[in-house]
Amino acid sequence: MKKILLVTAHSDDAEISMGGTIRKLLGQGHQIINLIFSIPSNVKVRKEEAVAAALNFGYEVQFSQYCEGSNVEDIPYHHLIKELDCIIEKVNPDEVYTHWMHDSHQDHRKLSNVVRSSFRKKQFTLYEFEQINQQNNIAANQFHPNVYSDITDFMNDKIRMISFFESQLMGYTNHYLENTEHMANWRGSQVNCQYAETFLLIFSKELL
């Protein structure tokens, strides 16, 4: 069993970006902790949604001490790094998943850099995931994955997982579910499966 830590900026980032892979890894018996660093508004509801999704599917969710009412971009780097250093020391993860360092969202980019800073103290297999809820063609077209995860058997679970975040499925973000399926189908077509999620493997602890 591996200990897997997801370091995410917002309460729905992990599920939108890699919900199918979360479901797959859980089915393989791995332990998953999703660490959320920012809930800038509607805090009570968004926390409840994150906890409900995690309880329903069997992973753990934790919240940064700075998350309530804050954007990641507003939290000093040294506070973020110190907290993540402590959590990584406590959890001792085998694998860490986080945002792509060139993501279009400033919170995502900053948190990705925080994860890389924590790598100085402990090595772990590090993946950066593709964020599909940012409609920014410039950034999206620059993401070139080197790892594909076949989530064909888990696509329905991913949709159900994202559906827990009702507060984020309205207004200008009401496209999340539709985009999720389109992106997964497009990525799946690249590797001859129906649905896939993609990652950039930054470092692997496994030796050949």
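The values are calculated or read from the model by the stated rules, or taken from the named source; none is laboratory data. Computed from a predicted structure; not experimentally measured. Every residue, glycine among them, receives a Cβ derived from its backbone with ideal geometry; neighbour counts consider all protein chains shown. With ligands, DNA and RNA removed, areas are computed over all heavy atoms of the protein, side chains included. Shrake-Rupley method; radii C 1.70, N 1.55, O 1.52, S 1.80 Å.
Residues in region 178-208 that are among the aliphatic types (A, V, I, L, M) and surrounded by 14 or more Cβ atoms within 10 Å (Cβ to Cβ): MET183, ALA184, ALA196, LEU200, ILE202. Within region 174-208, restricting attention to residues that are within 15 Å of TYR148 (Cβ to Cβ) and part of a loop (DSSP other than H, G, I, E, B), the residue that is farthest from the chain's Cα centre (by Cα) is ASN192.
Here is a check on your reading of the model: is GLN131 at pLDDT below 95, in contact with a strand residue (DSSP E or B) (Cβ under 7 Å, 6 or more places away or on another chain) and closer than 25 Å to VAL72 by Cα?
Values: at pLDDT below 95: yes; in contact with a strand residue (DSSP E or B) (Cβ under 7 Å, 6 or more places away or on another chain): yes; closer than 25 Å to VAL72 by Cα: yes.
Yes.
Restrict the check to region 140-153 and report whether at least one residue is hydroxyl-bearing (Ser, Thr, Tyr), open to solvent by less than 30 Å² (accessible area, probe 1.4 Å) and at pLDDT 95 or above. So far as region 140-153 goes, yes, one or more of its residues are hydroxyl-bearing (Ser, Thr, Tyr), open to solvent by less than 30 Å² (accessible area, probe 1.4 Å) and at pLDDT 95 or above.
Pairs linking a residue in region 117-131 that is touching a residue at least 60 places away in the same chain (Cβ under 8 Å) to a residue that is open to solvent by less than 40 Å² (accessible area, probe 1.4 Å) and assigned to a loop (DSSP other than H, G, I, E, B), with Cβ atoms under 6 Å and 6 or more positions apart or on different chains, are PHE124/PRO93; GLU128/TRP100; GLU130/PHE143; GLN131/ASP103.
Quick check on PHE165: is it buried (at least 21 other Cβ atoms within 10 Å of the Cβ) and not hydroxyl-bearing (Ser, Thr, Tyr)? Please lay out each step first, then the result.
Working: buried (at least 21 other Cβ atoms within 10 Å of the Cβ): yes; not hydroxyl-bearing (Ser, Thr, Tyr): yes.
Yes, satisfied.
I'd like to know if region 166-173 contains one or more residues that are part of a loop (DSSP other than H, G, I, E, B) and touching a residue at least 24 places away in the same chain (Cβ under 8 Å). No, region 166-173 contains no residue that is part of a loop (DSSP other than H, G, I, E, B) and touching a residue at least 24 places away in the same chain (Cβ under 8 Å).
From the list GLU49, GLU73, which residue is open to solvent by 50 Å² or more (accessible area, probe 1.4 Å), of a type outside the set (Gly, Ala, Ser) and out of contact with any Pro (no Cβ under 7 Å at 6 or more places or on another chain)?
Exactly one of GLU49, GLU73 is open to solvent by 50 Å² or more (accessible area, probe 1.4 Å), of a type outside the set (Gly, Ala, Ser) and out of contact with any Pro (no Cβ under 7 Å at 6 or more places or on another chain), namely GLU73.
Residue pairs whose Cβ atoms lie under 8 Å apart, separated by 6 or more positions or on different chains, with the first residue in region 27-54 and closer than 16 Å to GLU166 by Cα and the second basic (Lys, Arg), are ILE39/ARG46; ILE39/LYS47.
Filter region 68-87 down to the residues that are touching a Phe, Trp or Tyr at 6+ places or on another chain (Cβ under 8 Å) and touching a residue at least 24 places away in the same chain (Cβ under 8 Å) and list them by number. Lay out the reasoning, then the answer.
Step one: list which residues in region 68-87 are touching a Phe, Trp or Tyr at 6+ places or on another chain (Cβ under 8 Å), which gives 72, 75, 79-80, 83.
Scanning region 68-87 gives VAL72, ILE75, LEU80.
The set of residues from region 156-171 being over 16 Å from the mean Cα position of the chain (by Cα) and among the aliphatic types (A, V, I, L, M) comprises LEU169, MET170.
Just one of the numbered conditions (1) at pLDDT below 95; (2) in contact with a Cys (Cβ under 8 Å, 6 or more places away or on another chain) is not true of PHE37: (1).
So that you can scan it fast, the table gives a plain yes or no per residue for (1) farther than 30 Å from ASP150 by Cβ; (2) outside any helix (DSSP H, G or I); (3) under 18 Å from the mean Cα position of the chain (by Cα):
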{"position": "GLU73", "(1), (2), (3)": "yes, no, yes"}
{"position": "HIS79", "(1), (2), (3)": "yes, no, no"}
{"position": "VAL96", "(1), (2), (3)": "no, yes, yes"}
{"position": "HIS102", "(1), (2), (3)": "no, yes, yes"}
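Per-residue answers, yes or no, for (1) crowded, with 24+ Cβ neighbours inside 10 Å; (2) modelled with pLDDT of 95 or more; (3) acidic (Asp, Glu):
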| residue | (1), (2), (3) |
| --- | --- |
| MET18 | yes, yes, no |
| THR21 | yes, yes, no |
| LEU26 | no, yes, no |
| SER41 | no, no, no |
